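Novice: Just passing along the structure, written as structure tokens.
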Amino acid sequence: MTRIILPQTIDRQTVADQIEPLRAAFAGGEPIEIVCDAVEQIGQAGLQLLMSAVRTGRETGVALSLSGAGGAVEAAARLAGMSDMLFMSGDAR
Amino acid sequence: MKLEEIQDIFFQECDEGLGQAEAGLLALQGGAQDDETVNTVFRAVHSIKGGSGAFGFERLQAYTHHFETLLDQLREGEHALTPGLIGLLLAAFDMLADHVAAARGDQPTPDDAGMLQRLQETASGAGAAIEVVDDTGLAAALDFDLDGLLGDLDTGEDPFADWERDTAEDEHIDATRLFVRPREGALAHGGEPLLLIRELVDMGGIIRAVDASAVPTIDRFDATGAYLGWHVDVPATVARSDIEEIFEFVADDCLLEFKGNAAPVVEAIVEDGAIAEVEPAIEPAPLTNVLPFVAPAEPAKADMAPAELPASATQSMTATIRVDLEKLDRLINLVGELVITQAMLAQRLHNSGLAQIEELNDLDHLTRELQDSAMSIRAQPIRSVFSRVPRIIREVTASTGKEVRLEVEGEATELDKTVVERIGEPLTHLIRNAIDHGLESPEERLAAGKSAEGRIRLTAEHRSGRIVICVSDDGRGIDRPRVLAKAIERGLVAPEARLSDEDIDNLIFSPGFSTAATVSNISGRGVGMDVVRRNVQALGGRITIASTPGKGTTFTLALPLTLAILDGMIVTVGAETYVIPLTHIIESVQPEPEDIKYIGANQPMISVRGSWLPVQSVANQFAIPGAQVDPAKAVLIVVESEAAGQAVLMVDEICDQRQVVIKSLETNYRQVEGLAGATILGDGRVALILDVEGVTTVRAPDRALRRA
């Protein structure tokens with residue numbers, strides 16, 4: 001299991017910071033857990049990153065789960081109408 | 001927006017839905033097994049059902065309900081995708097297309113009882129009995145009182161329970177439908193587009209669907225990209241200006257489209273599960289959870305060229321807007337006027353010795369680019385015509401027992417909307433003809449060492465400023481001895497005539513010509529191929545044949561990209577100037593006196609490559625004084641027309657060859673026999689465009705005489 005821990009604020013800069021670790025994690029082929037516990041602010045860039053991860057997981061067959069995605073992440077996803085895409089496509093806890 | 005306009009949009013979206021459904025079904029037929037393809041077909045049919053209910057098309061609604069039931073079971077995995085089932089779905093699709101055409105008023109309502117029975121039987125009794133909804137409420141739907149509509153449908157025994165449930169979610173029927181897609185700049189400047197969405201939700205907006213189809217996988221993901229788009233319904237009570245105000249400061253960075261009233265018609269195209277229909281009741285998220293709109297901005301990449309954007313991001317920015325065709329034609333007309341005015345200006349400056357002004361060249365280029373761009377707006381991919389072909393093949397193969405594999409290439413090739421609309425009929429006949437006459441039966445093919453399955457190939461491409469469409473088959477080829485014998489028998493050709501292969505092939509375009517031993521309802525009535533050629537020529541196009549015995553036949557249609565401009569030869573007759581469309585011109589000649597002979601006192605004939613052709617004086621046709629009357633001193637233009645074959649037009653002089661903007665005589669004056677329109681030349685003079693077909697028909701020559 002590879003864990004990617006997201007920071008408190010997910011803006012374009014922090015999204016950019018997460019791309020390489022995520023690419024490496026998918027390349028490794030191990031199940032991936034994206035930990036969202038610390039996230040307090042997230043916008044379109046962050047949702048896009050999560051959506052990209054979900055899509056990559058689906059296409060590569062690498063198991064992906066989002067943990068701690070209840071607070072800010074869930075609220076932003078609901079506002080954007082992406083709850084089903086993000087939380088019903090994989091294993092969200 | 002008027003009801004008729006909304007209904008027009010519904011039918012346009014029906015066409016799009018039918019296209020998606022057929023593409024999906026053909027993909028299934030081709031071996032695709034993925035859930036998304038089945039889902040795409042289901043959603044297309046589902047959307048048509050929803051809209052048909054709102055507009056009171058009960059038969060269409062009832063039919064789609066049963067079709068959709070089977071598709072729903074299919075996507076739930078209750079049926080295996082067998083060839084038999086796919087065949088049924090394709091047949092059901094064809095009938096759906098008929099139902100849509102009937103709802104549009106284009107044809108009678110099809111008798112769908114048999115198909116409904118097959119659908120229900122296949123659905124293993126899951127479908128309800130065939131019922132037609134009481135239309136007491138549907139008439140009221142014309143004013144979009146959906147609550148009333150749903151109330152009338154809510155009888156407990158209503159066969160459209162699914163539909164009712166789905167559309168009941170449309171709370172904001174009286175709403176403005178928007179599409180919002182932030183561009184990269186919306187993020188690049190430190191902005192947060194979700195706050196814009198939040199504003200819309202605060203206004204009572206409902207997110208109908210989110211388009212995430214452009215979000216790439218992580219290997220292609222770019223943190224600076226903007227990949228999302230939202231379909232939002234905002235209550236109609238919200239002023240448009242209030243909506244626009246939200247986007248006032250991000251106008252350049254965010255696409256905002258008003259898509260009209262949100263009648264319960266269809267949902268957006270769904271691709272790869274990436275456009276999600278959303279639960280209507282979105283609870284506003286706490287603002288604190290969304291990043292502040294203003295944030296420390298890094299240097300904006302405002303100068304980034306589109307080519308530098310991630311491919312998916314540029315795709316995500318592709319959007320469409322529906323425009324009234326009348327407005328578009330007015331724009332094109334005005335651009336035509338601009339082209340003429342620019343030419344006149346250039347001519348005047350040239351006459352004043354100022355032709356080398358640099359800005360004049362720039363203006364010329366800009367004008368041409370503007371004209372090209374304006375014309376391209378009317379351009380449509382030929383896909384809409386090609387998409388009809390699979391159905392034609394299904395129908396013809398069903399009645400002939402032949403096996404056909406279709407190959408299509410160049411569906412995205414674009415040409416003028418009018419040409420697209422008019423080319424469908426000739427193309428349909430060519431396809432039918434290719435299967436019925438061109439391809440052999442499976443037994444004959446096997447005996448000839450070919451595969452049992454015949455091949456029809458349909459291609460389109462741009463070539464030298466024209467679109468070239470080819471319909472090819474790998475069948476038996478044209479039986480020339482038989483064609484010639486039939487033509488002689490019917491008096492179309494003199495018995496002693498010696499014709500080239502090309503001439504013989506072209507005989508199949510003669511009115512009433514057919515070599516079919518028996519008349520079928522597919523082709524063989526001899527009323528088709530001449531109409532095909534006439535229709536193609538009416539579009540300013542040409543059709544040619546290339547056939548090899550035993551190997552097949554190719555019909556090639558060369559068509560103009562547009563009907564608004566044409567390539568013409570500028571000629572003078574007396575003091576008048578005329579334009580002869582180049583599509584009709586074969587060659588121009590300046591004859592020697594010995595090449596001219598007379599029939600009687602007034603009908604000159606000229607020998608052109610072994611054939612004697614009648615010379616027709618344009619001056620005589622239009623009573624123009626002062627024109628050249630001696631063919632040996634005039635310029636003779638050899639033209640070809642449907643009615644008269646080859647003929648020769650006598651003019652005084654050839655001045656130029658150029659593209660001209662066509663002005664309708666009918667609209668601006670009245671129809672004049674022998675004239676196809678007018679144009680304005682650079683010197684400001686009006687030049688009339690000859691209708692070669694009309695001019696040469698005045699004295700249609702005797703083909704047998706010419707051929708002898």
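Novice: I'd like to check something: does the stretch A:71-83 contain any residue that is of a type in the set (A, V, I, L, M), open to solvent by less than 10 Å² (accessible area, probe 1.4 Å), facing chain B (nearest Cβ under 8 Å) and not in a helix (DSSP H, G or I)?
Specialist: Checked the stretch A:71-83: at least one residue is of a type in the set (A, V, I, L, M), open to solvent by less than 10 Å² (accessible area, probe 1.4 Å), facing chain B (nearest Cβ under 8 Å) and not in a helix (DSSP H, G or I).
Novice: Among the residues of the stretch B:574-599, count how many are outside any strand (DSSP E or B) and open to solvent by 20 Å² or more (accessible area, probe 1.4 Å).
Specialist: Qualifying residue count for the region: 10.
Novice: Please list, ordered by residue number, the helices (runs of 4 or more DSSP H) wholly in the stretch B:373-490 having 1 or more residues that are surrounded by fewer than 20 Cβ atoms within 10 Å (Cβ to Cβ) and of a type in the set (S, T, N, Q).
Specialist: Result: B:383-386, B:389-400, B:417-433.
Novice: Look through the stretch B:189-208, keep the residues that are among the small types (G, A, S) and surrounded by fewer than 21 Cβ atoms within 10 Å (Cβ to Cβ), and return whichever of them is farthest from the other protein chains (Cβ to nearest Cβ).
Specialist: Selected residue: B:G204.
Novice: When the residues of the stretch B:317-352 are narrowed to those that are open to solvent by 50 Å² or more (accessible area, probe 1.4 Å) and not in a helix (DSSP H, G or I), which ends up farthest from B:L370 (Cα to Cα)?
Specialist: For the stretch B:317-352, the residue satisfying everything is B:S352.
Novice: Restricting the search to the stretch A:15-67, which residues are open to solvent by 60 Å² or more (accessible area, probe 1.4 Å), modelled with pLDDT of 90 or more and at the interface with chain B (Cβ under 7 Å from one of its Cβ atoms)?
Specialist: A:R23
Novice: With B:V608, B:V571 as the choices, which residue is modelled with pLDDT of 90 or more and open to solvent by less than 30 Å² (accessible area, probe 1.4 Å)?
Specialist: B:V571
Novice: Quick test of your reading of the structure: B:R394 fulfils all but one of (1) within 24 Å of B:T562 (Cβ to Cβ); (2) in contact (Cβ under 8 Å) with a residue 60 or more places away in the chain; (3) within 28 Å of the chain's Cα centre (by Cα). Name the failing condition by number.
Specialist: It fails just one condition, (1).
Novice: Just checking, which of B:I243, B:I197 is under 21 Å from A:D11 (Cβ atoms), more than 30 Å from the chain's Cα centre (by Cα) and modelled with pLDDT of 85 or more?
Specialist: B:I197
Novice: While we're on this one: Within the stretch B:581-598, track down each residue that is of a type in the set (A, V, I, L, M) and under 22 Å from B:G694 (Cα atoms).
Specialist: Residues satisfying the conditions are B:L582, B:I585, B:I586, B:V589.
Novice: Within the stretch B:611-621, which residues are polar (S, T, N, Q), part of a strand (DSSP E or B) and surrounded by fewer than 21 Cβ atoms within 10 Å (Cβ to Cβ)?
Specialist: B:S611, B:S617
Novice: A further question on this structure: Quick one: B:S547 ticks every box in (1) assigned by TED's automatic domain parsing to the domain that holds B:V661; (2) more than 30 Å from B:I680 (Cα to Cα); (3) surrounded by 20 or more Cβ atoms within 10 Å (Cβ to Cβ) bar one, so which box is it?
Specialist: All conditions are met except number (1).
Novice: How many of the residues making up the stretch B:51-93 are buried (at least 16 other Cβ atoms within 10 Å of the Cβ) and free of Cβ contacts under 8 Å to residues at least 12 places away in the same chain?
Specialist: The qualifying residues number 0.
The values are calculated or read from the model by the stated rules, or taken from the named source; none is laboratory data. A quick note: this is a predicted structure, and the numbers were derived from the prediction, not measured. Note: ideal-geometry Cβ built from the backbone for every residue, glycine included; neighbour counts use all protein chains shown. Calculation scope for accessible area: heavy atoms of the full protein, side chains included, ligands and nucleic acids excluded. Shrake-Rupley method; radii C 1.70, N 1.55, O 1.52, S 1.80 Å.
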